[in-house]
Amino acid sequence: MGLFDPGRTGALPHAGTFNNNVISMAAGYAGLTQVYPPEVAERHTARGDGLRAELAQVFRAAGAPFQVTGVGSLLAVHPTTAPVRSPADLSGSDPRLLELLFLDLLERGYYIAPRGYMALSLALTSGQLAGFVEAVGKVLHTRAALWHSLPPGR
């Protein structure tokens, strides 16, 4: 911490909007101890893990060319049947398929980012998550002819 001491010669600058802001620190502490303590974080991470597993199963069952990745409460849908371990794994994918999924879900009242990104909110109920998975399944069913017309490995 001494490297950041502005009274020292050669100190490293460390500017920031919330530096030394007692209210910001108190809010952060309250958030991490009262709103999002470790047990809530663990449950929320488990919800994300569960949603990824459910979506992967729905994609497989429909023969739809999508993979889902993520960590904790963050998810991303990718338009490919191949495992996604790096950006290079998406080089042969067709982003139009993801755009179609996005638009079809939006039409059913569910918003995901157009690039397939999702971040779960603590306020989401298990019923709302189940409704989302059901909507994905319905969308995939309505597009079944498209999935089956794609070349293998797509």
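Annotations for the structure displayed:
- Selection count, segment 50-94, where residues are within 22 Å of H148 (Cβ to Cβ) and hydroxyl-bearing (S, T, Y): 3
- Each residue in segment 114-152 was checked for being surrounded by 12 or more Cβ atoms within 10 Å (Cβ to Cβ) and assigned to a loop (DSSP other than H, G, I, E, B), and 8 of them qualify.
- Among the residues of segment 6-52, those identified as of a type outside the set (G, A, S) and closer than 29 Å to Q67 by Cβ are Y36, V40, E42, R43, H44, T45, R47, D49, L51, R52.
- Index of the failed condition, S73 passing every other in (1) among the polar types (S, T, N, Q); (2) surrounded by fewer than 18 Cβ atoms within 10 Å (Cβ to Cβ); (3) under 30 Å from Y36 (Cα atoms): (2)
- Test: residue in segment 121-135 that is within 26 Å of E39 (Cβ to Cβ), in contact with a Gly (Cβ under 9 Å, 6 or more places away or on another chain) and hydrophobic (A, V, I, L, M, F, W, C): yes
- Tally, over segment 26-84, of residues that are assigned to a helix (DSSP H, G or I), closer than 17 Å to A119 by Cα and not aliphatic (A, V, I, L, M): 10
- Scope segment 85-97; condition in a helix (DSSP H, G or I) and in contact (Cβ under 8 Å) with a residue 24 or more places away in the chain; matching residues: L97
- Matching residues in segment 55-97 - criterion: being aliphatic (A, V, I, L, M) and touching a Gly at 6+ places or on another chain (Cβ under 9 Å): V58, A61, A62, V68, V71, L74, L75, A76, V77, A82
- Enumeration of residues in segment 100-112 that are surrounded by fewer than 12 Cβ atoms within 10 Å (Cβ to Cβ) and either within 16 Å of the chain's Cα centre (by Cα) or among the polar types (S, T, N, Q) (or both): Y111
- Remark: pairs (first residue in segment 38-62, in contact (Cβ under 8 Å) with a residue 12 or more places away in the chain and within 12 Å of V77 (Cβ to Cβ); second residue of a type in the set (S, T, N, Q) and surrounded by fewer than 17 Cβ atoms within 10 Å (Cβ to Cβ); Cβ separation under 9 Å; 6+ apart in sequence or on different chains) = R52/T69.
- Where T9 falls short, out of the listed (1) β-branched (V, I, T); (2) surrounded by 11 or more Cβ atoms within 10 Å (Cβ to Cβ); (3) not in a helix (DSSP H, G or I): (2)
Each reported figure results from applying straightforward, stated rules to the coordinates on display, with no laboratory input. As the structure is a prediction and not an experimental result, all values here were calculated from the model. As a convention, Cβ positions derive from the backbone with ideal geometry for all residues, glycine included, and neighbour counts pool all protein chains shown.
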